[in-house]
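Chemist: Have a look at this one.
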Amino acid sequence: MIQKTEVRNTGSAPEKFDSTVALHYSSERSSGVGAPPRMQIIPASDSSLLIVFGDAMSSEIQRQVLGMFHALQARQDVRIRNLHPGYVSLLVDFDPLDTTHEDVAEIIAIAAPRESASHHYERSLVEIPVCYDTEFGPDLQNVATHTKLPAEDVVRLHAGATYDVVFLGFTAGFAYLGGMPEILSTPRLATPRRAVAAGSVGIAGGQTGIYPTVTPGGWRLIGRTPLRMFDPRASQPTLVVPGDQLRFVPIDRGEFERLSRERV
Amino acid sequence: MNIGVVKPGLSTTVQDRGRFGYAHLGISPCGAADALSLRIANLLVGNDEYAPVLEMTLLGATLEFEQGAVMALSGARCDCKVGQYRVAQDSAVSIPGGGVLQCGSITSGVRTYLAIQGGLDVPLVMGSASTDLRGGFGGVAGRRLQAGDMLKTGTGGGQSPRRLRTGAVDDRPHPGPIRVTRGVQNDWFSPDEWTGFLAAGYVGSEQSDRAGLRLSGRPVKSSQSKQLLTDGIPLGAVQIPQDGQPIILFVDQQTTGGYPKIANVIAADMHRIGQIRPRDDVRFSEVSLTVAIEALRAQQQWMEAIWQK
């Protein structure tokens with residue numbers, strides 16, 4: 001977990017950057033409703049800053065990470081090369097030949113929503129059809145045994161929840177989802193599969209996710225979506241973006257085949 | 001102009017500067033693992049410095065040129081021939097129509113770059129020609145070259161080819177230890193572990209690829225028992241997985257990860273990561289952010305100073 005109280009990079013000489021107190025854009029006020037979000041901006045490398053909003057996952061911290069992500073996205077500042085949201089932080093990548101840590105920290109400070117309540121951004125509710133047939137979900141029975149639930153209840157609970165797309169990472173288009181009912185938690189496979197089909201929906205510990213492309217993987221597979229989660233040629237390459245909400249909608253085999261054909 | 005792939009080599013891909021602006025979708029930057037050599041090869045033939053080139057790994061490709069072309073090789077030393085004739089590296093070379101360029105073993109470093117005047121014409125995906133091997137897109141069908149592939153040259157560039165000053169690339173800046181700044185989770189490691197990491201020598205592992213240079217040597221132990229909440233990974237992060245063997249993440253790296261990052265390779269040394277061979281010695285030295293950024297500026301000046309007037 002990230003706990004920082006000061007910008008470190010303890011060279012013998014004082015750092016120009018380290019002495020920039022303005023970078024500690026952290027409000028000491030308590031983060032009650034209406035208070036500005038507490039955040040710390042620390043250098044992660046010579047080409048990046050990490051904005052840290054807290055040290056434990058919570059929906060409030062998630063809102064702050066995503067609020068800042070969307071605020072920076074909206075600015076379309078050419079000096080920002082990449083944004084990497086995480087569970088409690090946002091990494092801001094830039095080219096140090098084009099700009100400086102100080103200037104990027106300034107951009108962040110200006111973009112920072114003034115109040116927690118103003119962390120508004122457009123979020124879509126994306127419905128993902130999933131066929132939970134055994135062929136696509138070879139581990140569904142396994143999850144049922146582990147959770148001591150009938151397989152139908154596993155599906156009902158999995159498809160009954162609304163998930164938050166916290167961020168994307170691991171592979172292109174892979175969404176980290178928050179909000180799986182805790183009762184469905186099942187440890188990952190002891191030995192990962194060498195290849196998991198694109199669209200596979202799995203559970204690993206307290207997380208659920210969708211494999212966007214064929215990769216090796218150790219998640220317990222419970223179903224598959226016929227949708228393409230990642231299409232590099234599309235103007236919007238991924239079906240979901242950080243901050244979206246997502247629901248799984250159970251479909252039968254026939255519907256899966258129909259949607260698969262439509263996709264091509 | 002067409003270029004036929006007779007033999008693909010070990011791992012030959014199309015790369016340019018890389019793909020930026022999509023990390024929030026989980027998309028890696030990719031791009032040339034040794035961007036300095038990419039730029040030199042392109043400038044030698046009068047291309048834009050970041051035009052798409054071929055990146056060849058450990059064993060080069062054999063290519064048949066349908067028509068005459070001007071090309072340049074830069075980066076790791078590679079035994080390259082056209083017929084009986086050895087092809088000089090680090091200078092523009094003409095190859096006649098019907099000529100076959102045979103690139104053999106790469107003997108120093110790992111990656112050799114082949115730039116062809118006009119650049120390679122592949123469709124841009126999210127603004128870049130770079131091959132994303134893990135995502136399976138960009139470059140030629142999102143994969144390594146295969147025998148029988150047909151490459152097309154583009155119409156980019158058109159600046160006059162340049163010549164390097166004699167010996168200019170032999171004294172590349174800073175051949176010493178890989179310079180690092182402290183990583184975001186540096187305080188997950190005791191001062192003794194940090195000193196030990198900097199003092200220890202590591203060797204490059206065979207398991208390395210464009211996503212990560214794996215090192216073996218003295219294991220680094222975290223003093224934290226907790227799990228890291230997955231966060232964004234800066235380019236060049238040195239992460240310490242459970243077995244304590246450091247991994248330097250680069251070009252094809254994951255955009256987020258859950259292992260603590262003890263250090264970060266400075267931008268000016270990233271091109272060197274792409275040239276570390278299995279069993280090569282790797283040492284680290286700590287520099288401040290100021291020194292890191294000065295080194296990058298100095299490298300930029302070096303890039304401008306290596307050319308004949």
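Chemist: Scan B:19, B:39 and give me the residue that is within 14 Å of chain A (Cβ to nearest Cβ) and buried (at least 24 other Cβ atoms within 10 Å of the Cβ).
Modeler: B:19 is the lone residue from the list that is within 14 Å of chain A (Cβ to nearest Cβ) and buried (at least 24 other Cβ atoms within 10 Å of the Cβ).
Chemist: Which residues, counting only those in the range B:253-264, are more than 11 Å from chain A (Cβ to nearest Cβ) and surrounded by fewer than 23 Cβ atoms within 10 Å (Cβ to Cβ)?
Modeler: B:259
Chemist: Exactly one of these conditions fails for residue B:285: (1) touching a helix residue (DSSP H, G or I) at 6+ places or on another chain (Cβ under 7 Å); (2) surrounded by 15 or more Cβ atoms within 10 Å (Cβ to Cβ). Give me its number.
Modeler: (2)
Chemist: Just to check your reading of the model, which residue among B:128, B:105, B:205, B:190 is modelled with pLDDT under 95 and among the polar types (S, T, N, Q)?
Modeler: B:205
Chemist: Among the residues of the range A:46-58, is there at least one that is under 16 Å from residue A:110 (Cα atoms) and at pLDDT below 95?
Modeler: no
Conditions tested, residue by residue: (1) within 14 Å of chain B (Cβ to nearest Cβ); (2) polar (S, T, N, Q); (3) surrounded by 17 or more Cβ atoms within 10 Å (Cβ to Cβ); (4) in contact with a Cys (Cβ under 7 Å, 6 or more places away or on another chain).
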position: A:172; (1), (2), (3), (4): yes, no, yes, no
position: A:202; (1), (2), (3), (4): no, no, yes, no
position: A:209; (1), (2), (3), (4): yes, no, yes, no
position: A:214; (1), (2), (3), (4): yes, no, no, no
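Chemist: Just a yes or no: is a residue in the range A:107-122 within 22 Å of residue A:172 (Cα to Cα) and either within 10 Å of chain B (Cβ to nearest Cβ) or aliphatic (A, V, I, L, M) (or both)?
Modeler: No.
Chemist: Filter the range B:277-292 for residues that are outside any loop (DSSP other than H, G, I, E, B) and either without any contact (Cβ under 8 Å) to a residue 24 or more places away in the chain or within 23 Å of residue B:78 (Cβ to Cβ) (or both); which is farthest from the other protein chains (Cβ to nearest Cβ)?
Modeler: B:281
Chemist: Can you confirm whether the range A:223-237 contains a residue that is of a type outside the set (S, T, N, Q), in a strand (DSSP E or B), touching a residue at least 12 places away in the same chain (Cβ under 8 Å) and under 23 Å from residue B:24 (Cα atoms)?
Modeler: There is at least one residue in the range A:223-237 that is of a type outside the set (S, T, N, Q), in a strand (DSSP E or B), touching a residue at least 12 places away in the same chain (Cβ under 8 Å) and under 23 Å from residue B:24 (Cα atoms).
Chemist: Which one is nearest to residue B:21 (Cα to Cα), of the residues in the range A:71-90 that are part of a loop (DSSP other than H, G, I, E, B) and in contact (Cβ under 8 Å) with a residue 60 or more places away in the chain?
Modeler: Here the answer is A:86.
Chemist: With A:224, A:156, A:258, A:188 as the choices, which residue is among the basic types (Lys, Arg), touching a strand residue (DSSP E or B) at 6+ places or on another chain (Cβ under 6 Å) and away from chain B (no Cβ under 14 Å)?
Modeler: Just a single option satisfies the conditions, and that option is A:224.
Chemist: Restrict the check to the range B:59-74 and report whether at least one residue is closer than 23 Å to residue B:254 by Cα and either crowded, with 24+ Cβ neighbours inside 10 Å or modelled with pLDDT of 95 or more (or both).
Modeler: no
Chemist: Search the range B:151-176 for residues that are more than 20 Å from residue B:118 (Cβ to Cβ) and at pLDDT 90 or above and pair each with any residue that is in a loop (DSSP other than H, G, I, E, B) and of a type in the set (Val, Ile, Thr) when their beta-carbon atoms are under 7 Å apart and the residues are at least 6 apart or on different chains.
Modeler: B:164/B:306; B:165/B:306
Chemist: Only one of (1) touching a residue at least 60 places away in the same chain (Cβ under 8 Å); (2) farther than 16 Å from residue B:276 by Cα fails for residue B:215. Which number is that?
Modeler: Answer for residue B:215: the failing condition is (2).
Chemist: Of all residues in the range A:220-243, count the ones that are basic (Lys, Arg), under 19 Å from the mean Cα position of the chain (by Cα) and crowded, with 21+ Cβ neighbours inside 10 Å.
Modeler: Residues meeting the conditions: 0.
Chemist: Within the range A:197-208, track down each residue that is under 18 Å from residue A:141 (Cα atoms) and at pLDDT 95 or above.
Modeler: Matches in the range A:197-208: A:200, A:201, A:202, A:203, A:208.
Chemist: Just a yes or no: is a residue in the range B:77-91 exposed (fewer than 12 other Cβ atoms within 10 Å of the Cβ), outside the structural domain of residue B:205 (by TED's automatic domain parsing) and under 21 Å from residue B:306 (Cα atoms)?
Modeler: yes
Chemist: Please go through the range B:256-309 and pick out each residue that is farther than 26 Å from residue B:221 by Cβ and among the hydroxyl-bearing types (Ser, Thr, Tyr).
Modeler: The answer is B:290, and nothing else.
Chemist: May I ask you to list the residues in the range A:78-133 that are at pLDDT below 95 and of a type in the set (S, T, N, Q)?
Modeler: Correct list: A:116, A:118, A:124.
Chemist: I would also like to ask the following. Could you look through the range B:135-147, keep only residues that are in contact with a Pro (Cβ under 9 Å, 6 or more places away or on another chain) and on the phi > 0 side of the Ramachandran plot, and pick out the one that is modelled with the lowest pLDDT?
Modeler: B:136
Chemist: Across the range A:142-194, what is the total count of residues that are without any contact (Cβ under 8 Å) to a residue 12 or more places away in the chain and of a type outside the set (Gly, Ala, Ser)?
Modeler: So the answer is 7.
The values are calculated or read from the model by the stated rules, or taken from the named source; none is laboratory data. Values in this document were obtained by computation on a predicted structure and should not be read as measured data. Don't worry about glycine lacking a Cβ; one is built from the backbone with ideal geometry, like all the others, and counts go over all protein chains shown.
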